[in-house]
Amino acid sequence: MNKKVCMFVWNHFTNDARVLRECTALSESGYKVDLICIHDPKDNDLPVFEERDANFSVYRVRRYPMLLELMQKVYRKSLRDKFFGLILFLIWLFLMYLGPIITGIVTVIGLLLLKTKLKVLWIRGSILFRMIAKGFQKNYDIYHSNDLNTLPQGYLCSKIRIRKKRLIYDSHEVQTSRTGYDTKYYGLLEHFLIKKIDDMIVENHTRAKYNQDFYGFYPYVVHNYPFIQKDKHIKKAPLHSILNLPPSEKILLYQGGIQAGRGLEKLIKAVPLFKEGTLVLIGDGRIKPALETLVEEMDLKARVKFLPKVPLQDLPSYTSNAYLGFQVLNNTNFNHYSASSNKLFEYMMAGVPVVACSFPEIMKVVEGEKVGLCVDSHDSSSIALGVNELIENIELHQEMVKNTKTAKLKYNWGTEKVNLLEVYSS
């Protein structure tokens, strides 16, 4: 009988390439995989349930508590509608569940939750409990938690029961040294839960060694390599036309999250030093408005273009338009310093040389395979030197394009998924 796997991930599962690859590899190998993730209330086209294939299904739990959804609908209406909505809400609570005193208490608490940080805790708690409830609905053999934010769900579902189940902790990041997680609370949480797991997966050997020094054991390594792309199967998106650029214009591409610590401000400040080319940033994130403001202040709107996030399956058709790609993380924490960036290998699959940061795992690939140049990602002038060398030295650029075609035969999911299956079969 095929083993049943319950996998958790704390996102909408619309652009999570690693989780998609893992679920696909397991389902193709005969495992029955249910992925539990979060529904996006802003996306009306996003299904609550998807059957990807006979062995792989996706379940999205609702994001907001029912009470909060109702109160938010009332809060967003006009003042008059808010008043009548609140009256109807109070009557509904009184008639259906509560007495007048408790109704008043609930209303006050609800308004406080809408306007304070307690709202975030309420929402996250609601998601967590829905995930746990979903994880208990079937008799799974293995639970697989992606990152620390789903490890409590995996632990409760797999270990708080009479017949304990296997728990795999798949840490895509260095959880105690990443933006937003580098507090004492997350360190204590991981320190407690890591003693309860059966197996752990990390992204590369630098992080595995860090884990060994920190927790005393060397986890499995499953690199973050993409599916192999065959050149003839990539149909280029009309990116030059979309951006109103002449066909001969060199596109200098950054794709990925527009987040702090990724060197994007330094990258934009390097643009005036580029001999030629247009910087294109594809993606969304918290600092995107600030970067757009910076572009306006520097009068670079003609040389810097922004595009929204592209669906995962369409991304290679955009990437293949680039003359070069950027991976210029800043050393703001060990998580960045130790990264094996997925986008590095996505550029490689599309035959695009890179200008990259000089961090150990990234440098090992870039310089070892001669598919790009490593620069000081904290220095705009150093980034510009790398770009200009690839613009002016056409032969070097062509050699690196050729090298990507060889390197992608090595750094791809077809060869790497064996390591994931080994974890499951061990």
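The values are calculated or read from the model by the stated rules, or taken from the named source; none is laboratory data. Note that this is a predicted model, so its numbers are computed, not measured. Because the Cβ atoms are built from the backbone with ideal geometry, glycine has one as well, and the counts that use them run over all protein chains shown. These accessible areas exclude ligands, DNA and RNA; they are computed on the full protein's heavy atoms, side chains included. Shrake-Rupley method; radii C 1.70, N 1.55, O 1.52, S 1.80 Å.
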Distance (nanometres) between label positions extended 7 Å along Cα→Cβ at His191 and Gln259: 2.5 nm
The stretch 229-321 - percent of accessible surface contributed by carbon and sulfur, probe 1.4 Å: 50 percent
The stretch 230-307 versus the stretch 15-35: alpha-carbon centroid distance in Å: 32 Å
Solvent-accessible area per residue, Å², over the stretch 239-410 with all protein chains present [probe radius 1.4 Å]: 42 Å²
Dipole magnitude of the chain, debye to nearest 20 (Cβ charges: Lys/Arg +1, Asp/Glu -1, about Cα centre): 1700 debye
Kirkwood Rh in Å, taken over the stretch 239-410 so that all alpha-carbon pairs contribute: 15.9 Å
Asp213-Phe129 FRET efficiency (beta carbon distance; Förster radius 41 Å; 0.05 resolution): 0.70
Sequence ranges 323-335, 42-54, ranked by mean other-Cβ count within 10 angstrom, highest first: 323-335, 42-54
Antiparallel DSSP beta bridges within the chain, as percent of all bridges there, nearest 5: 10 percent
Choice from Tyr155, Tyr186, Tyr59 with maximal GNM fluctuation in the chain (Cα, 10 Å cutoff): Tyr186
For the stretch 1-58: rounded, prolate or oblate by the Cα gyration tensor [a/c cutoff 1.5]: prolate
Two-site FRET efficiency, Lys159 against Lys235, from Cβ-Cβ distance with R₀ of 45 Å, rounded to 0.05: 0.40
Total formal charge among the other residues, if their Cβ is under 11 angstrom from that of Gly283, Lys/Arg +1 and Asp/Glu -1: +3
5 angstrom amide H check on Met7, placed H, neighbours 5+ away: Asp34, Leu35, Ile36, His144
5 angstrom amide H check on His12, placed H, neighbours 5+ away: Ile38
The stretch 369-385 - phi-based ³J(HN,Hα) in whole Hz, Karplus 6.51/-1.76/1.60, Gly and Pro as x: 9, 6, 10, x, 10, 9, 10, 7, 6, 8, 10, 4, 5, 5, 4, 5, 4
For the chain, with +1 on Lys and Arg beta carbons and -1 on Asp and Glu, the positive-most of Ile228, Ala384, Thr24 along the dipole: Thr24
Derived scalar couplings ³J(HN,Hα) [the stretch 410-423; Karplus, 6.51 cos²θ - 1.76 cosθ + 1.60; whole Hz; x for Gly, Pro]: 9, 9, 9, 5, x, 8, 7, 5, 4, 5, 5, 5, 5, 4
Extreme residue, positive dipole direction of the stretch 239-410, given options Tyr337, Leu409, Gln327 (C-beta unit charges): Leu409
Segment Lys402-Ser29, length gained on full extension (0.36 nm per residue, minus Cα span): 130.9 nm
Backbone N under 16 Å from the Glu276 label point (7 Å along Cα→Cβ), restricted to the stretch 217-258: 245-253
Crossing angle, helix 205-215 versus the chain [Cα axis fit, 0-90 degrees, rounded to tens]: 40 degrees
Cβ-derived FRET efficiency at R0 22 Å, Glu249 paired with Glu389, nearest 0.05: 0.70
Residue-wise HN-Hα coupling along the stretch 137-148, computed from phi with Karplus coefficients 6.51, -1.76, 1.60 (Hz; x: Gly, Pro): 6, 10, 8, 7, 8, 9, 10, 10, 9, 8, 6, 5
Long-range HN-HN contacts of Met200 with modeled amide H, under 5 Å: Tyr169, Tyr220
